[in-house]
Amino acid sequence: MTTALISVSDKTGIVDFAQALHALGVRLLSTGGTARLLLDAGLPVTEVAEYTGFPEMLDGRVKTLHPRIHGGLLARRDVPAHMAALAEHGIPTIDLLVVNLYPFEATVARPGCTLPEAIENIDIGGPAMVRSAAKNWRDVAVLTDASQYAGVLAELKAGGIGLKTRFALAVAAFNRISDYDGAISDYLSAIDFDAADAEGVPARSLFPAQSNGRFVKLQDLRYGENAHQQAALYRDLHPAPGAIVTARQLQGKELSYNNIADADAAWECVKQWSAGASAPPAQAAACVIVKHANPCGVAVGKDALQAYGKAFQTDPTSAFGGIIAFNVPVDGAAAEAVSQQFVEVLMAPDFTAEALAVFQAKPNVRVLKIALDGVQRDGATPWARGQNAMDVKRVGSGLLMQTADHHELQRADLKMVTKKQPTPEQIEDLLFAWKVAQYVKSNAIVFCADGMTLGVGAGQMSRLDSARIASIKAEAAGLSLKGSAVASDAFFPFRDGLDVVIDHGAACVIQPGGSMRDQEVIDAADERGIAMVFTGVRHFRH
């Protein structure tokens, strides 16, 4: 290792790394601000302009695009003709390249970023050097992130960078370039000059002309939804805080494809009652039990134990082998209660030592800790709130993409449409039922009372059938529906569905409205003497 070229936008750890290289006898080349930083640190650095004999030009746009740079990176040491060409033109080899790119992603993520600002943050020389070095990975080690410095330095001190490490660095480099180019493509493909503002500034579409997904594999899975399918788990390049892919598994068997899908459904649902969300002070804890992607029990309570007890009451049969999520830390008392049933996955923001001790006796239970510390309930973006900005669904050779359903209903949004008005207590139950219905597969009917689900009807072709199933579930669990609140994820197209839920005890109903027969349904509610409110928003979930 004789020569290293260092040119970084993110200066994290670079001075210490360069000092260590210098101590190992490595010659340092650098550019612009990086060179000045290293010189200020007292390191002997040769600037690239001096090295190439050609000054930087075009405001720094051209500085490393030179044969003396790329020749030193691309020449194969095991090809005599390559080495002869370097000797003929007086070009030394470059053995180590340290480059991170202009902060394009951070620039375009900033509110108010203009197209000219974005364009100026498209790196040209950096990606070109990275590609050259990565292509010649056997002879040149390429570092594209500060997290790689320590490992590479340790190998250098031990005698040299191994081929396995060099190849891994090259793969990481090409992945970084792919991510970078994908971000540029996404941004530029979203620029819409036809939708420019009064000053001629083009708008930025939510849906770019080309979408470039960027995901990192976390693990291979034993199989997919069924045993004959293969599967793996990937995460977003930059996952939202508090998302399922940020979970730390504390114990238990390997997660399966279905475990992860169901756990995500439970976690996204329970997060609605996380810190900062609207919930009565006496009911700060929430518990969601999911089976086959549908909530089969949801409740809030004064603590994790009470919330779990109420959620389990809804449907003890379906809760068997279910996925359980809490929005608060799980203590020993809650753990003891949960341990009495067969549970596949248990997740919470944290667990006490007593809770973990309880589950040590059940080593197959998958226990996941998912920190909610970074989640901002009032964040400016879905990402800051720990949510996906977009939902996608695969179709034949295509992709359906939509903004994710994050609508949060406020009391002020409710439209009272019946003669009878809901009481304050009923409004609380209606809002609770509405939150649950948002996470139940359509057609969805949810009976609730006192901060807990009583019966859930999900995924039926007929809303009538969902209503009947929800009532059957409640009766099977020995729960009374008298005086309950009911949420329907979409409007009642006829009065028959409303009659079914009233026949089984509903005293108030929340639904989107918007049907051609809304008045018929309102008249039916008045006739039956119940309160009904419209939200103006539906929550189809297919």
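The values are calculated or read from the model by the stated rules, or taken from the named source; none is laboratory data. Treat the numbers as computed from the prediction; the structure is a model and nothing was measured. Glycine gets a Cβ as well: all are built from the backbone with ideal geometry, and neighbour counts include every protein chain shown. SASA here: full protein model, heavy atoms, side chains in, ligands and nucleic acids out. Shrake-Rupley method; radii C 1.70, N 1.55, O 1.52, S 1.80 Å.
Observations, loosely collected:
- Pairs are defined by a Cβ separation below 8 Å, a sequence spacing of at least 6 or placement on different chains, a first member in region 62-75 that is at pLDDT below 90, and a second member that is among the hydroxyl-bearing types (Ser, Thr, Tyr) and not in a helix (DSSP H, G or I); the pairs so defined are LYS63/THR31; THR64/SER7; THR64/THR31.
- The residues of region 30-51 that are open to solvent by less than 20 Å² (accessible area, probe 1.4 Å) and part of a helix (DSSP H, G or I), listed by number, are GLY32, THR34, ALA35, LEU38, VAL48, TYR51.
- Taking each residue of region 199-218 that is within 21 Å of ALA240 (Cβ to Cβ) and looking for partners that are among the aromatic types (Phe, Trp, Tyr) and not in a loop (DSSP other than H, G, I, E, B) with beta-carbon atoms closer than 8 Å, six or more apart or interchain, yields ARG204/TYR187; PRO208/TYR187; PHE215/TYR234; VAL216/TYR234; LYS217/TYR234; LEU218/TYR234.
- Subset of region 271-312 that is among the aliphatic types (A, V, I, L, M), closer than 19 Å to HIS406 by Cβ and at pLDDT below 95 - its residue that is most open to solvent (accessible area, probe 1.4 Å): ALA275
- The residues in region 358-376 that are under 27 Å from PHE207 (Cβ atoms) and open to solvent by less than 50 Å² (accessible area, probe 1.4 Å) can be counted, and the count is 1.
- Of all residues in region 99-116 being within 21 Å of ARG176 (Cα to Cα) and free of Cβ contacts under 8 Å to residues at least 24 places away in the same chain, the one that is least open to solvent (accessible area, probe 1.4 Å): THR107
- Within region 450-461, the set of residues being among the polar types (S, T, N, Q) and open to solvent by less than 40 Å² (accessible area, probe 1.4 Å) comprises THR453 only.
- For the residues ILE161, ILE177, the requirement of being under 25 Å from SER7 (Cβ atoms), of a type in the set (A, V, I, L, M), touching a residue at least 40 places away in the same chain (Cβ under 8 Å) and part of a loop (DSSP other than H, G, I, E, B) singles out ILE161.
- Screening MET452 on (1) farther than 17 Å from LYS310 by Cβ; (2) touching a helix residue (DSSP H, G or I) at 6+ places or on another chain (Cβ under 7 Å) shows it passes everything except condition (1).
- Matching residues, region 153-171, being closer than 21 Å to ARG76 by Cβ and either among the small types (Gly, Ala, Ser) or out of contact with any strand residue (DSSP E or B) (no Cβ under 6 Å at 6 or more places or on another chain) (or both): GLY160, GLY162, LEU163, LYS164, THR165, PHE167, ALA168, ALA170, VAL171
- Breaking point among (1) touching a strand residue (DSSP E or B) at 6+ places or on another chain (Cβ under 7 Å); (2) without any contact (Cβ under 8 Å) to a residue 40 or more places away in the chain; (3) farther than 30 Å from GLU225 by Cα, for LEU305: (1)
- Unique match (being of a type outside the set (S, T, N, Q) and out of contact with any Leu (no Cβ under 8 Å at 6 or more places or on another chain)) among PHE207, PHE215: PHE207
- Evaluation of GLU120 against (1) touching a helix residue (DSSP H, G or I) at 6+ places or on another chain (Cβ under 7 Å); (2) within 20 Å of VAL8 (Cβ to Cβ) (one fails), failing number: (1)
- Residue satisfying all of: in region 55-97; more than 46 Å from the chain's Cα centre (by Cα) and part of a loop (DSSP other than H, G, I, E, B); surrounded by the most Cβ atoms within 10 Å (Cβ to Cβ) among these: ILE91
- Residue within region 282-297 that is within 19 Å of ASN259 (Cα to Cα) and basic (Lys, Arg) present: yes
- Residue count, region 345-357 (criterion: of a type in the set (A, V, I, L, M, F, W, C), surrounded by fewer than 19 Cβ atoms within 10 Å (Cβ to Cβ) and in contact (Cβ under 8 Å) with a residue 12 or more places away in the chain): 2
- Sole residue being open to solvent by less than 10 Å² (accessible area, probe 1.4 Å) and hydroxyl-bearing (Ser, Thr, Tyr), chosen from SER480, SER466: SER466
- Breaking point among (1) free of Cβ contacts under 8 Å to residues at least 60 places away in the same chain; (2) out of contact with any Leu (no Cβ under 8 Å at 6 or more places or on another chain); (3) under 30 Å from THR107 (Cα atoms), for ALA190: (2)
Conditions tested, residue by residue: (1) open to solvent by less than 20 Å² (accessible area, probe 1.4 Å); (2) modelled with pLDDT under 95; (3) not acidic (Asp, Glu).
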residue	(1), (2), (3)
ALA389	no, yes, yes
MET401	no, yes, yes
GLN410	no, yes, yes
ASP413	no, yes, no
THR423	no, no, yes
CYS448	yes, no, yes
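- If the condition is being in contact (Cβ under 8 Å) with a residue 60 or more places away in the chain and open to solvent by 40 Å² or more (accessible area, probe 1.4 Å), then region 17-29 contributes only LEU24.
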